[in-house]
Structure formats: C-alpha cells, structure tokens
Amino acid sequence: MVKYFCSSTDIRSAWDHVVSAFWQRYPNPFSTHVLTEDVVYREVTADHRLLSRRLLMKTNRLPRWAERFFPSGMARSVYIIEDSIVDPVNRSLTTYTCNLNHTTLMSVEERCVFQDSAEQPGTTLLKREAWISSGIYGFSKPIQVHTAATQSSEQRESACRCQNKEVGEEMKSSL
C-alpha cells in the first residue's frame, strides 16, 4: 500500500530568489542530516532548460518506537537521487527525488514544483507530492504516517527558512 501526501505552500519570495536558495541549501546549519551532495549530470537544453542530477547522502534517525525493531548495525545513511528541471521561460523548477537504498524499509518518491505566481508578484507557489511505501509487514502504516508527518514538518520549516533568508539578504543589502 502506498501513502500519498500532497501539499501546497506560498513562499513569500520571488521565484528567482527561491531557485537561487534551492541551489545553495547545502551545506547549512539547519540541515546537518545532509552529509554529501554531488552533481552527477548537468545539461542546458536547446530550449534553455537546465537539467541536473544530484546524488545526496543523508542520515535520518529512526523514530524511537522503531529503533528496537531494527539491527543496531544497520546503515543509517540513505542515498537519494534528485533530478531537477529549471525552466526559466515558464519560471518553474521541478524536482524528482527517491531513495536508492533501504527501499524495503521505506521507499519515498517526491515531486516538487516551484512556480512563479502570476496572481501574487514576489511569491513562489510550491506544490509538493510524495508517495511513501514500506515492505515491512505490520509496520508499513506507522512508517508511512511518521514519514508523511516528517515531510509536512520539513516543508513548513524549509519555507520559513527560505523566507527568513530572503528577509536577511534584504536587510544586509540595505545596510
């Protein structure tokens, strides 16, 4: 069974600032769980879109209730592939991510679309979708619920950090 999670957020920052912040998000003190970030592929297409593939290595702690059920020697690092398309003509950034290991425990596929808002200048619309599944009999539902809650929380925190970074940059430039 796959759990589907979908949310939309208005980020009170211009699209070009959000895209710039996206590429500069790692390393940072708020995301210490991201251990590495490597560009595997990058290309600018004939229609001026930027295609990128990155490999990320993250570490996430299991929820306390789950720690006793999994071996203590189990690798805590998760490899994630991230494909992205920046379309400057339509002012959109679309990302697709999925984990490459620990897929029996949990598989997460995510799509995010950052779109310039036509109705609200200086605002970027973020639509985030995630598909979460687990092959652990008896634990798939709690794992899916925990992961969906974590996804929602991370999105709110990320949007706040993006807006706070924007305000901080504006304050620096006015000094």
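The values are calculated or read from the model by the stated rules, or taken from the named source; none is laboratory data. All of these numbers come straight from a predicted model, not from anything done at the bench. Cβ coordinates were reconstructed from backbone atoms using ideal geometry, including for glycine residues, and neighbour counts include every protein chain displayed.
Could you tell me whether L126 is more than 20 Å from R49 (Cα to Cα) and touching a residue at least 12 places away in the same chain (Cβ under 8 Å)?
no
For the range 1-54: of the residues being under 17 Å from D87 (Cβ atoms) and β-branched (V, I, T), which is surrounded by the most Cβ atoms within 10 Å (Cβ to Cβ)?
Applying the filter and picking the extreme gives V18.
Only one residue in W131, W65 is modelled with pLDDT of 90 or more and among the aromatic types (F, W, Y), so which one is that?
Just a single option satisfies the conditions, and that option is W131.
Kindly indicate whether any position in the range 84-99 is in contact with a strand residue (DSSP E or B) (Cβ under 8 Å, 6 or more places away or on another chain), at pLDDT 85 or above, surrounded by 11 or more Cβ atoms within 10 Å (Cβ to Cβ) and over 29 Å from Q120 (Cβ atoms).
The answer is yes, given that some residue of the range 84-99 is in contact with a strand residue (DSSP E or B) (Cβ under 8 Å, 6 or more places away or on another chain), at pLDDT 85 or above, surrounded by 11 or more Cβ atoms within 10 Å (Cβ to Cβ) and over 29 Å from Q120 (Cβ atoms).
Which ones in the range 15-40 are in contact with a Ser or Thr (Cβ under 7 Å, 6 or more places away or on another chain) and at pLDDT 95 or above?
W15, V18, V39
Taking A148 as the residue in question, decide whether it is small (G, A, S), farther than 15 Å from T9 by Cβ and at pLDDT 65 or above.
Against the criterion (small (G, A, S), farther than 15 Å from T9 by Cβ and at pLDDT 65 or above), A148 does not qualify.
Cβ-Cβ distance below 9 Å, separation of 6 or more or different chains: which pairs start in the range 21-36 with a residue that is over 9 Å from K58 (Cα atoms) and aliphatic (A, V, I, L, M) and end on one that is modelled with pLDDT under 85 and part of a loop (DSSP other than H, G, I, E, B)?
Taking only residues 6 or more apart or on different chains, not a single pair turns up.
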